[in-house]
């Protein structure tokens, strides 16, 4: 399953009311039910191309995620390497839902991570 399909499936798992028809409706008419079904296909390993900007915007609106998140998932699904060379492998293993945590919780997690990193650096020197 490609990255865009995973994103759609993750969001639908988080909100079971998100049928393909509901996603199309929530997009403000920018995408169709059949387009959602095509993008969410579990049998396709790759997209033929990246959806147009209005479709990216509509899908992001319907899934309640950023347009950047949808664009990156679509680009990856089309075979484009979207990994940030400055990010480590561990960061990529964080669940997508981490973005849904309240900002105060995200900040707390970052403080804990930095504490662990600083402790490990001090131990290794």
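May I ask you to list the residues in region 17-38 that are outside any helix (DSSP H, G or I) and either under 17 Å from the mean Cα position of the chain (by Cα) or more than 21 Å from residue 97 (Cβ to Cβ) (or both)?
Filtering region 17-38 down to residues outside any helix (DSSP H, G or I) leaves 17-19, 27-32.
Hits for region 17-38 are 18, 27, 28, 29, 30, 31, 32.
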Among the residues of region 100-120, are any at pLDDT 80 or above and within 30 Å of residue 44 (Cα to Cα)? yes
Looking for whichever is at negative phi and surrounded by 14 or more Cβ atoms within 10 Å (Cβ to Cβ) here; the options are 24, 13. Which one fits? 24
Please pick out the residue among 68, 47, 59 that is at pLDDT below 90, surrounded by 18 or more Cβ atoms within 10 Å (Cβ to Cβ) and either closer than 25 Å to residue 17 by Cα or out of contact with any strand residue (DSSP E or B) (no Cβ under 6 Å at 6 or more places or on another chain) (or both). 47
Residue match in region 77-94 (condition: touching a helix residue (DSSP H, G or I) at 6+ places or on another chain (Cβ under 7 Å), at pLDDT 90 or above and either part of a helix (DSSP H, G or I) or not assigned by TED's automatic domain parsing to the domain that holds residue 20 (or both)): yes
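Across region 39-63, what is the number of residues that are assigned to a helix (DSSP H, G or I) and under 12 Å from residue 77 (Cα atoms)?
Qualifying residue count for the region: 1.
The values are calculated or read from the model by the stated rules, or taken from the named source; none is laboratory data. Owing to the predicted nature of the structure, the values given are computational and were not obtained by experimental measurement. When we count neighbours, we look across all protein chains shown, and the Cβ atoms used for this are built from the backbone with ideal geometry, even at glycine.
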